[in-house]
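Quick note: the coordinates plus some simple rules give every number you see, no bench work behind them. Quick caveat: nothing in here was measured; it's all calculated off a predicted structure.
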Amino acid sequence: MKLKSMLIVFSGLYASCLFAQCCQRSSRTALVAPIQSVEKVENTLPQLLEFGSKKCMACQKMAPIIEALTNDYKGVLRVEFVDVAIKEKLAMAHQHKIRTIPTQVFLDAKGKELWRHEGFISREDIEKKWKSLGYDLGELKKKAAEKSTQKAATVK
């Protein structure tokens, strides 16, 4: 029974992906009620979850943005790509009530959902949204670098 329901969810997500491929950019955004992440947050960083599939065209356009955010804000923002085509990740997609891909879910440091976006979103818009949510990633990155420099100086 569980496998059947997981297949139904996957079929819906796959159909959503096909729909998303037809659309260059989705303007649909929503403010949603808080949801706790399936995975316990490993640290005290805010988190960006990108739900998608490697076969989805819109998701492929998001891939370099997600990779750049992962690299540029390491230690400041936890970024995770959740491939809904992987059977083990379906439960996470289901818990977060993912209806279409790509979907970006913004979580605070405690795992509370702050905001979500469905469809393609630019890096600039992601950074602006984090700032409007009270997380200036550029400033947080500077502070983390300063802390790292101070820590290295005290070790010497």
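Students often get this wrong, so check it: of Lys87/Lys112; Lys97/Lys141; Lys61/Lys131; Lys87/Lys147; Lys87/Lys143; Lys74/Lys97, which have C-alpha atoms separated by over 29 Å? Going by Cα-Cα distance, Lys97/Lys141; Lys87/Lys147; Lys87/Lys143 fall outside the 29 Å limit.
Region 48-79 and region 80-131 have Cα centres spaced 10 Å apart.
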